[in-house]
Every structure is written in C-alpha cells, then in structure tokens.
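Here the structure is laid out as structure tokens; the discussion comes afterwards.
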C-alpha cells in the first residue's frame with residue numbers, strides 16, 4: 001500500500017497535464033498520466049469549469065495525499081502567464097475542495113529537479129522523466145510528461161524537507 005500519492009499538474013486553459021505517482025518504500029511509481037481538455041470554442045469560464053470538473057474526477061479516482069502544480073513563467077508572455085495562473089487557480093480550488101495540500105514550483109525548479117539543468121528543453125525533461133520512472137518509452141504528450149516532472153519535483157522536495165525517507 002503506497003504511503004504517498006502525488007498529483008502533478010501542468011496547468012493550462014485548453015489542455016491541462018496531470019500525473020499520479022505513488023510512493024511506498026521505494027522510488028515513485030507512475031500510476032496514471034494524461035491530459036484534461038476543454039474546447040477552445042467555449043468561453044474561458046466554461047473551459048475552466050470543464051477542466052475543474054475533470055480534475056476533481058482524477059482526484060476522486062486516485063485520492064492523492066499531495067498535489068503540485070507548475071507556476072506561470074511571467075517574463076515569456078504575460079497573456080500566457082495570466083491564463084496559466086487562472087488554470088493554476090482552479091487546481092488550487094480543486095485541491096482545497098478535496099483537502100489536499102498543493103505546492104507550486106517554477107518551471108526552472110521543475111527542470112532543475114528532474115534534469116539537473118534549470119534551462120532544460122522539453123525533450124530533455126521527457127527523457128529524464130522516462131529515466132527516473134523507468135518507463136520503456138517517452139511519456140506523451142508533453143503536457144503529461146511535464147505533469148510527471150512536477151510530481152517528481154514535489155517528491156524530491158518532500159524528501160529534502162525530511163518528510164519522506166531517502
């Protein structure tokens with residue numbers, strides 16, 4: 001029986017990557033990953049509601065004990081950062097509804113934790129995630145592999161804080 005279940009979230013307003021890792025006595029094991037989607041034809045509020053509902057379903061199915069989401073990177077594109085912030089807000093709401101603590105990590109923190117390089121490319125992140133989780137192929141799509149990376153980053157942070165055994 002896993003002692004810990006981490007939900008990783010790569011927020012977006014059209015596509016939201018998610019990943020579920022369990023941790024028992026050993027390294028984390030991937031349970032599920034994928035992408036939640038909402039139609040771009042819907043108004044923003046309806047898209048966020050759709051994603052929120054899907055995220056709650058994932059949480060109900062897997063019962064995470066912890067959650068982590070990637071935070072917006074503001075200097076790249078303010079409009080994109082605002083949208084990601086809105087999606088991160090719905091992740092915060094879903095986690096609060098389920099009583100699950102949610103941590104936030106910058107893209108640089110996630111890349112550094114998984115690859116050792118805070119400026120790693122998406123391909124490098126995918127390869128590192130596959131290596132750490134002993135996957136036979138690269139996790140796809142990149143929204144899902146990013147969510148796996150966020151969950152791995154949180155697992156490492158919990159270990160460093162002494163909340164988990166090494």
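The values are calculated or read from the model by the stated rules, or taken from the named source; none is laboratory data. Given the structure is predicted, the values throughout are model-derived calculations rather than measurements. Quick reminder, even Gly has a Cβ in these numbers, built from the backbone with ideal geometry, and neighbours come from all protein chains shown.
Here is how the numbers come out for the structure above:
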quantity: Pairs with Cβ under 7 Å, 6+ apart, first in the range 90-105 and closer than 14 Å to residue 154 by Cα, second modelled with pLDDT under 95 and not in a helix (DSSP H, G or I); calculated: 104/71; 105/70; 105/71
quantity: Members of the range 97-132 found to be buried (at least 20 other Cβ atoms within 10 Å of the Cβ) and under 20 Å from residue 62 (Cα atoms), listed by number; calculated: 102
quantity: Check on residue 31, in contact (Cβ under 8 Å) with a residue 24 or more places away in the chain, over 17 Å from residue 143 (Cα atoms) and not in a helix (DSSP H, G or I); calculated: no
quantity: Of residues in the range 135-166 being within 20 Å of residue 18 (Cβ to Cβ) and more than 16 Å from the chain's Cα centre (by Cα), the one surrounded by the fewest Cβ atoms within 10 Å (Cβ to Cβ); calculated: 137
quantity: Residue satisfying all of: in the range 64-90; more than 10 Å from residue 11 (Cβ to Cβ) and in contact with a strand residue (DSSP E or B) (Cβ under 6 Å, 6 or more places away or on another chain); surrounded by the fewest Cβ atoms within 10 Å (Cβ to Cβ) among these; calculated: 65
